[in-house]
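Asker: Right, I'll just put the structure down here and ask away after.
The values are calculated or read from the model by the stated rules, or taken from the named source; none is laboratory data. No experiment lies behind these values; they were computed from the predicted model shown. Glycine also receives a Cβ, built like all others from the backbone with ideal geometry; neighbour counts cover every protein chain displayed.
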C-alpha cells in the first residue's frame, strides 16, 4: 500500500490531481481509519496511470467517467474517433495560422524592400470570388468570410483589391474585388482570373499617422504616368491596390499598401 505522496512522486502527478480524480470517483483509495491517510493499492495506481493516459489524449474527465462505466469497447472507439476528428480540425487550423504568419512575414519584407520605390514585378494569378462596394462596406463582409481563407474570428482585408482604371486625364472608375491566390495545382477555377507578367510595383504608406488618412489617389495616374514615362513603359491604365499591413504610431494607424500597375 502506498500513500498519496508516494503515488504523486513516482507517477509524476500532483497531490491535487490525485485528489481531483478522487472527487470525480475515478480512483477510490482506501482510508486508514487510524490516521485518515489514503492508501493506494496496485489497482488504484493502475487506475491513475490509465486516467493519466486518457488525459494525455486530451479526453475530458466526463468522457473518462463514461468509459469507466461502459463495458463495450465500441464506446471507447467512438470517443477516440471524436477526439481524432477534433485534432485533425485543429491541425488544419494550425496550418492555416502558420500560413498566415508566414504571409505577414513576407509582407514585412516587401515593405522594407519596396517602400517608396518603383520596380517591375509580376502580378501572379488571382481568382475573383466576388465584389464589395468599399473597404468600409462592413455589411458586405460576409463574402470575405465565406470566399477566402480566414482565421476563426478575424475578418481580414488582405484578400480585397481596389482596382482603379485611369488615363492621362485622371481616375476613371474603381471597384473592390475579393480574390484568392491561384496555386499551381488549382484546376477547378470558377471565377475570372487576373494576372499580368509585368507591372510597375511599389509599396506606399497611408493612414492617420502618416497623412491624416488622405486618399492615395494621387499615387495613381499622374505619378504612375510620370514613372512610366521616365522608364519608357506603356501603362495599361489599371492599378491593383491592397493592404499589406497595419501598424500604429501614437494610437493612429500606419497602413502599408502595395500597388501593381500592368505595363504593355
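Asker: Does any residue of the range 230-237 turn out to be more than 28 Å from the chain's Cα centre (by Cα), on the phi > 0 side of the Ramachandran plot and at pLDDT 90 or above? I'd like the intermediate steps shown before the answer.
Answerer: Filtering the range 230-237 for residues more than 28 Å from the chain's Cα centre (by Cα) gives 230-237.
Now narrow it down to the ones that are on the phi > 0 side of the Ramachandran plot: 232, 237.
Restricting the remaining residues to those that are at pLDDT 90 or above gives 232, 237.
Looking through the range 230-237, at least one residue is more than 28 Å from the chain's Cα centre (by Cα), on the phi > 0 side of the Ramachandran plot and at pLDDT 90 or above.
Asker: Right, something else. So how many residues does the range 22-68 have that are without any contact (Cβ under 8 Å) to a residue 40 or more places away in the chain, over 22 Å from residue 12 (Cβ atoms) and in contact with a helix residue (DSSP H, G or I) (Cβ under 9 Å, 6 or more places away or on another chain)?
Answerer: Final tally of qualifying residues: 4.
Asker: Could you list, ordered by first residue, the pairs with Cβ atoms under 9 Å in which the first is in the range 86-97 and farther than 15 Å from residue 57 by Cα and the second is surrounded by 11 or more Cβ atoms within 10 Å (Cβ to Cβ), at least 6 apart or interchain?
Answerer: 93/151; 96/149; 96/150; 96/151; 97/151
Asker: Identify all residues within the range 40-72 that are surrounded by 15 or more Cβ atoms within 10 Å (Cβ to Cβ) and not in a helix (DSSP H, G or I); write none if there are none.
Answerer: Hits for the range 40-72 are 40, 59.
Asker: Follow-up. Considering only the range 108-116, I want to know if a residue exists there that is under 22 Å from residue 258 (Cβ atoms), assigned by TED's automatic domain parsing to the domain that holds residue 236 and in a loop (DSSP other than H, G, I, E, B).
Answerer: Among the residues of the range 108-116, at least one is under 22 Å from residue 258 (Cβ atoms), assigned by TED's automatic domain parsing to the domain that holds residue 236 and in a loop (DSSP other than H, G, I, E, B), which makes the answer yes.
Asker: Could I ask something else about it? Of all residues in the range 190-218, how many are within 11 Å of residue 125 (Cα to Cα) and surrounded by fewer than 17 Cβ atoms within 10 Å (Cβ to Cβ)?
Answerer: So the count comes out to 4.
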